[in-house]
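The values are calculated or read from the model by the stated rules, or taken from the named source; none is laboratory data. Keep in mind it's a predicted model, so treat the numbers as computed, not measured. Here Cβ is always computed from backbone atoms with ideal geometry, including for glycine, and neighbour counts include all displayed protein chains. We work out accessible area using only protein heavy atoms, side chains counted, and drop any ligands, DNA or RNA first. Shrake-Rupley method; radii C 1.70, N 1.55, O 1.52, S 1.80 Å.
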Amino acid sequence: MASPMARPAAPAPSVDAVVARMRALDADLPARDGIAVFNRVYLTVTEEVGRRLTAGGFPDPRAASTLDVRFAQRYLAAVDAAAEDRRPPACWRPLFQLRRHPGVRPLQFALAGVNAHIGHDLALAVVDTCRTLGCEPAELEDEFDRVGELLVALEERVREDLMPGPDLLQIADPLTHLLGSWSLERARDAAWAAARALWALRYCAGIAEEFTERLDAAVGFAGRMLLTPLPG
């Protein structure tokens, strides 16, 4: 098995190609499927990144595009692994295992996917991007922050759109308690710290791999908690 720190072998596709792949997944998956719920959320973010790239909304469009695509490739690789009966990274396994559980709410599916993608994939995507562009993480900080701002705004929208209404308080109360323990902003800050650590460890393959495995496992544990089935 290739190390998750390994440089991607194929050239990065375009943001448009990534959007097309996510739209195809959206068309193929049942609406209530947990992967479909997250995919719709992520598709919205990626479409917005594409619009901002076209409008000149990033100081370094090439860096922003590469980071966005390398980030998306991590999620799409997990989708492909599950479809081919291979094990996706530990951070994604709870969502794939519980994607059809009737006791898990759409908001939980969405945020569990965001947890896996931000908590684990984002740090590795920064390293992928640095290797692709031959740059240091510090040179990507502006692009990282701008993509992160989109994600934080989207998290607020997701919570508003998917949180059960006041007529479902018996669901909303435990859901609010469960999800209140997780913060995208904290996860984003931790991802940046992890990316810098992994870059510093890039010549220490064994230590970097152990660090990545432990990060993967910890994020997967948090995802399992976010997907706790709730009473209907």
Those residues of the range 214-232 which are in contact (Cβ under 8 Å) with a residue 40 or more places away in the chain, open to solvent by 70 Å² or more (accessible area, probe 1.4 Å) and part of a helix (DSSP H, G or I), in sequence order: R224, M225
All positions within the range 97-153 that are among the small types (G, A, S), at pLDDT 90 or above and either open to solvent by less than 40 Å² (accessible area, probe 1.4 Å) or at negative phi (or both): G103, A110, A112, G113, A116, G119, A123, A125, A138
Of all residues making up the range 202-213, the number that are open to solvent by 30 Å² or more (accessible area, probe 1.4 Å) and touching a Leu at 6+ places or on another chain (Cβ under 7 Å): 2
Qualifying positions in the range 48-69 - closer than 19 Å to R23 by Cα and open to solvent by less than 10 Å² (accessible area, probe 1.4 Å): V49, D68, V69
Residues located in the range 33-50, provided they are part of a helix (DSSP H, G or I) and either charged (D, E, K, R) or within 20 Å of F144 (Cβ to Cβ) (or both): R40, V41, Y42, T44, V45, T46, E47, E48, V49, G50
Scope the range 186-201; condition open to solvent by 70 Å² or more (accessible area, probe 1.4 Å), more than 15 Å from the chain's Cα centre (by Cα) and either touching a residue at least 12 places away in the same chain (Cβ under 8 Å) or within 24 Å of R93 (Cβ to Cβ) (or both); matching residues: R196
